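Asks: Pasting a structure here, questions to come.
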Amino acid sequence: MKRTTQKSWAALVPLLAAGSVCVAAPLCQTQKLGVHTSKMCVEQTPFKHDYYTLWVDDSPIFMLPDDYVEKVALTHTVPEDGAIEFALSKQGTPTVTISGGCQPISETQGKGTDAVSLETGRVCSFNWGKEPVVKDLRLSFE
């Protein structure tokens with residue numbers, strides 16, 4: 001029984017190693033608008049959803065799957081007390097909304113009946129209240 005267990009583990013090691021190779025490092029783009037620096041990252045894993053993360057001024061704001069990043073509206077009610085708030089949430093209004101999205105970019109590959117449309121990237125734009133934090137940021141897939 002000991003040999004069978006050892007053989008099973010020996011057979012699994014290459015599969016586990018191959019699985020970890022399929023997960024690519026996140027693709028990130030940084031953009032500075034005014035005094036704020038934003039970063040959009042996409043984590044891609046073959047045959048699974050892509051996950052998009054928005055960072056503003058070194059703080060993670062959200063992570064969403066590709067199905068829900070096309071049109072985003074996140075609303076926050078700003079408390080009147082001395083709560084800890086992001087600087088961008090202090091715009092003098094009772095609520096602030098982060099809105100925008102990442103629109104797919106597609107291209108057709110092949111001709112005639114062999115033609116297929118493939119997503120080759122996304123273009124992202126987000127506003128935090130009245131302040132643009134990401135504008136026409138292009139993420140290109142390989």
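The values are calculated or read from the model by the stated rules, or taken from the named source; none is laboratory data. Please read these numbers as outputs of a predicted model, since none were measured by experiment. All Cβ positions, even for glycine, are placed from backbone atoms using ideal geometry, and neighbour counts span all protein chains on display.
Asks: Which number in (1) in a strand (DSSP E or B); (2) touching a residue at least 12 places away in the same chain (Cβ under 8 Å); (3) at negative phi marks the one condition that L88 misses?
Replies: That leaves (1) as the condition not met.
Asks: Limited to segment 97-113, what total is found for residues that are free of Cβ contacts under 8 Å to residues at least 12 places away in the same chain and either of a type in the set (A, V, I, L, M) or part of a strand (DSSP E or B) (or both)?
Replies: 2
Asks: So, V134, is that one surrounded by 11 or more Cβ atoms within 10 Å (Cβ to Cβ), modelled with pLDDT of 90 or more and aliphatic (A, V, I, L, M) or not?
Replies: Judged against the criteria, V134 is a match.
Asks: Quickly run through segment 25-54 and pick out the residues that are within 15 Å of E142 (Cα to Cα) and touching a Pro at 6+ places or on another chain (Cβ under 9 Å).
Replies: Across segment 25-54, the qualifying residues are C41, V42, E43, Q44, D50.
Asks: If you don't mind, there's one more thing I want to ask. For segment 94-131, which residues satisfy the criterion of being among the β-branched types (V, I, T), surrounded by 12 or more Cβ atoms within 10 Å (Cβ to Cβ) and over 17 Å from D58 (Cα atoms)?
Replies: V96, T97, I105, T120, V123
Asks: Here's a follow-up. For segment 66-80, check the following and say yes or no: at least one residue is more than 18 Å from E43 (Cα to Cα), of a type in the set (F, W, Y) and either under 17 Å from the mean Cα position of the chain (by Cα) or assigned to a loop (DSSP other than H, G, I, E, B) (or both).
Replies: no
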